[in-house]
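Shown next, in structure tokens, is the structure this report addresses.
The values are calculated or read from the model by the stated rules, or taken from the named source; none is laboratory data. In this text the structure is predicted, and so the values were computed from the model without any measurement. Cβ: placed from backbone, ideal geometry, glycine included. Neighbour counts: every protein chain shown.
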Amino acid sequence: MLKTLESGLNKVETWLVCAGLLILIFTVFAAAVLRFFGVDMSVSTDLAQLVFAWVSFIGADLAMRKDKHMGVDMLITRFPVKLLNAIYLFNYLLILFFLLFAVRYGINLCIVNAARKYQTLYISYSFATASCPVGCGLMCISSIKHIVQYVRNIITNDYSSLTKKEVAA
């Protein structure tokens with residue numbers, strides 16, 4: 001059941017990010033073309049800012065869930081797998097602590113920005129700031145999933161999940 005829930009969440013997040021990127025590309029391109037002809041499309045700036053905030057946080061969760069965040073691992077991949085597992089576990093615990101901090105203060109930021117309005121969209125700025133606690137909350141779930149895997153590696157003494165398959169270029 002958790003696998004189907006995670007699969008559904010992946011599909012929804014992927015769809016939202018793709019749709020958001022399409023909106024972002026279209027809005028910014030249309031604003032640039034219309035500006036060339038002297039037509040003001042000031043709504044595009046606010047809409048692009050709103051969509052970019054959501055795409056960034058949801059896209060960050062997608063990358064975290066699939067373990068595709070950028071990283072430099074030239075040094076640590078030479079460590080023994082038990083030490084590598086411990087390092088990854090420690091890193092995800094730190095990440096989880098930071099994300100919980102971001103969720104808590106992101107909610108406060110939404111409350112503070114409730115009265116603030118976009119100049120052209122006439123909606124609360126909280127719609128943009130809500131992307132932080134929602135995105136960080138989703139990343140908390142992904143972090144917990146990774147932490148559980150690393151703890152399971154220690155309990156079962158099976159570190160086969162750490163062996164990465166090389167991707168053909």
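Annotations for the structure displayed:
- Scanning region 7-47 for residues that are among the small types (Gly, Ala, Ser), surrounded by 17 or more Cβ atoms within 10 Å (Cβ to Cβ) and farther than 26 Å from residue 67 by Cβ returns 31, 44.
- Residue check for residue 87: among the β-branched types (Val, Ile, Thr), over 11 Å from the mean Cα position of the chain (by Cα), part of a helix (DSSP H, G or I) and closer than 30 Å to residue 16 by Cβ: no
- Qualifying residue in region 66-75 (condition: part of a helix (DSSP H, G or I) and either surrounded by 11 or more Cβ atoms within 10 Å (Cβ to Cβ) or among the charged types (D, E, K, R) (or both)): no
- Counting the residues of region 95-108 that are buried (at least 18 other Cβ atoms within 10 Å of the Cβ) and either touching a Lys or Arg at 6+ places or on another chain (Cβ under 8 Å) or without any contact (Cβ under 8 Å) to a residue 24 or more places away in the chain (or both) gives 0.
- Selection status of residue 50, surrounded by 13 or more Cβ atoms within 10 Å (Cβ to Cβ), of a type outside the set (Val, Ile, Thr) and either within 30 Å of residue 119 (Cβ to Cβ) or at pLDDT below 90 (or both): yes
- Filtered residues of region 8-20 (kept if under 14 Å from the mean Cα position of the chain (by Cα) and aliphatic (A, V, I, L, M)): 9, 12, 16, 17
- Close Cβ contacts (under 6 Å, 6 or more residues apart or on different chains) running from residues in region 79-94 that are surrounded by 13 or more Cβ atoms within 10 Å (Cβ to Cβ) and hydrophobic (A, V, I, L, M, F, W, C) to residues that are at pLDDT below 90 and not in a helix (DSSP H, G or I) comprise 81/159.
- Output for region 27-43, where each listed residue is under 23 Å from residue 117 (Cα atoms), modelled with pLDDT under 90 and of a type outside the set (A, V, I, L, M, F, W, C): 40, 42
- Of all residues making up region 125-165, the number that are outside any helix (DSSP H, G or I), in contact with a Lys or Arg (Cβ under 9 Å, 6 or more places away or on another chain) and over 24 Å from residue 50 (Cβ atoms): 3
- Residue 123 at pLDDT 95 or above and among the β-branched types (Val, Ile, Thr): no
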